[in-house]
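Worksheet: one structure, shown below.
The values are calculated or read from the model by the stated rules, or taken from the named source; none is laboratory data. Treat the numbers as computed from the prediction; the structure is a model and nothing was measured. Glycine gets a Cβ as well: all are built from the backbone with ideal geometry, and neighbour counts include every protein chain shown. For accessibility, only protein heavy atoms count, side chains too; no ligands or nucleic acids. Shrake-Rupley method; radii C 1.70, N 1.55, O 1.52, S 1.80 Å.
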Amino acid sequence: MKLIGIVGSTAEVSTNRKLLSFIKKQFTELFTLELVEIKDLPLFNQDDDQTNSPEIQQLNRKIILADGVIIATPEHNHTVPAGLKSVLEWLSFKIHPLENKPVMVVGASYYDQGTSRSQLHLRQILDAPGVNALVMPGNEFLLGKSKEAFDEDGNLIDQRTIDFLGSTLASFVKFINVVSALAGPKQLPPEDLHATGKIATTVEGVDMSDDQWLEKAAEAVGAVSGNTYVQLNRGLLTVDQINYFLDSMPMELTFADSNNQFLYYNLRQEAHEMLAARVPGQVGNPLANCHPEKSYKNVEWVIQQLRSGATDAVRVHVPKQVPEKYIVHNYQAMHDENGEYAGINEYILDFKPIIEWYLQQTGQKLVGNEDAVSSASVHENSDAVTSASVHEDKAEPATTTGAPEAVGVDAVSSASVK
């Protein structure tokens, strides 16, 4: 279960931030908590609409994809701070991510009453038309004298306070589960596999389906090549060196951007020799062009899991009529410097040499029948190798850029990652 914790203070030093940070590290058995700051968000002004700004949209997406939200509010003049009120204005102006979203209110105050009045006002705001959050009734946690409540490591000192906080959070988790059961399965936004949208790096004016897309797009943007240097985040390489580096990888690499456009693969071998065939003319294509239509649903499912943050990686074992290989497709989410989804790094490799090397180095042996490589456990926590199984029909899963045969959704969704 993933929750978002909104720090309702814009102060550099905040006991409400401390409270959420303590919850994040103390109650990992209940949920994962991502803290969100509001101090850099613009003040609400409907005459200067910032709804589509990256900052507001990032918060919007995080809330939509979360199972629930915890808001920690200070108390300023018997009510919520102006910064928190401003954020809630943005989240109920043209976008409504809090609608029907389970929300828990907590608060820390330097004084005895522990934000009781600001929490009351916040509950009223969250119940307002346009916000329509599902605030758990009762279940209040008010931390008074918060300056003295934490030790130097940021931990709450009083055990009774910790126990009570734990009980309120456990109740909130139950509340989320009830709301989820009533609402039914979470519907993730559909994926545009035809890449009809546009992102900052989209090359316009060149047909994505053109077999010469790479050459035409490179000319359109004045792309560098050869011995021209490229400054990376921790290195300085020429374009040639980058190609040497990527082509030497003992795996097949593919890059598809956040607009679902296939932009790159490391051309190590001809298509018929690859674990998953790619051809030069596919580069630049929308992902829909790289798969048979019957596999779209499976491709969409993989991308949805990665884009939504449900997981950072999906692994799928692809059985082929090649008994000496154990081929695994790995779909890894990529993110930019702001943590925004930037696309998929798909890397494909034969795991069998790695497993054999591991066994040789450790002196361990596989146990089981002749299919031990695909069913037996090397180590108790080997899910990354063994749990990404495909059903008995032996059909191939949908890959990000190749065009193998499609499978049922279960064959893709059974690929679990720890």
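Numerical summary
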quantity: Test: residue in segment 125-141 that is in contact (Cβ under 8 Å) with a residue 40 or more places away in the chain, under 20 Å from Ser21 (Cα atoms) and in a strand (DSSP E or B); calculated: no
quantity: Residue within segment 199-219 that is among the polar types (S, T, N, Q), closer than 30 Å to Thr311 by Cα, free of Cβ contacts under 8 Å to residues at least 60 places away in the same chain and assigned to a loop (DSSP other than H, G, I, E, B) present; calculated: yes
quantity: Check on Val179, among the β-branched types (Val, Ile, Thr), open to solvent by 30 Å² or more (accessible area, probe 1.4 Å) and assigned by the TED database to the domain that holds Thr32; calculated: no
quantity: Which listed residue, of Leu263, Leu253, is closer than 16 Å to Gln212 by Cβ and in a strand (DSSP E or B); calculated: Leu263
quantity: Test result for Phe164, open to solvent by 80 Å² or more (accessible area, probe 1.4 Å), in the same structural domain as Ile63 (by the TED database) and not charged (D, E, K, R); calculated: yes
quantity: Only listed residue being closer than 25 Å to Glu337 by Cα, open to solvent by 70 Å² or more (accessible area, probe 1.4 Å) and of a type outside the set (Phe, Trp, Tyr), chosen from Val221, Val230, Val239; calculated: Val221
quantity: Residue satisfying condition, being among the small types (Gly, Ala, Ser) and in contact with a Phe, Trp or Tyr (Cβ under 7 Å, 6 or more places away or on another chain), within set Ser86, Ser92; calculated: Ser86
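For (1) surrounded by 14 or more Cβ atoms within 10 Å (Cβ to Cβ); (2) basic (Lys, Arg); (3) in contact (Cβ under 8 Å) with a residue 40 or more places away in the chain; (4) not assigned by the TED database to the domain that holds Lys174, each residue gets a yes or a no:
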position	(1), (2), (3), (4)
Lys18	yes, yes, yes, no
Thr28	no, no, no, no
Ile38	yes, no, yes, no
Lys62	yes, yes, yes, no
Gly68	yes, no, yes, no
His78	no, no, yes, no
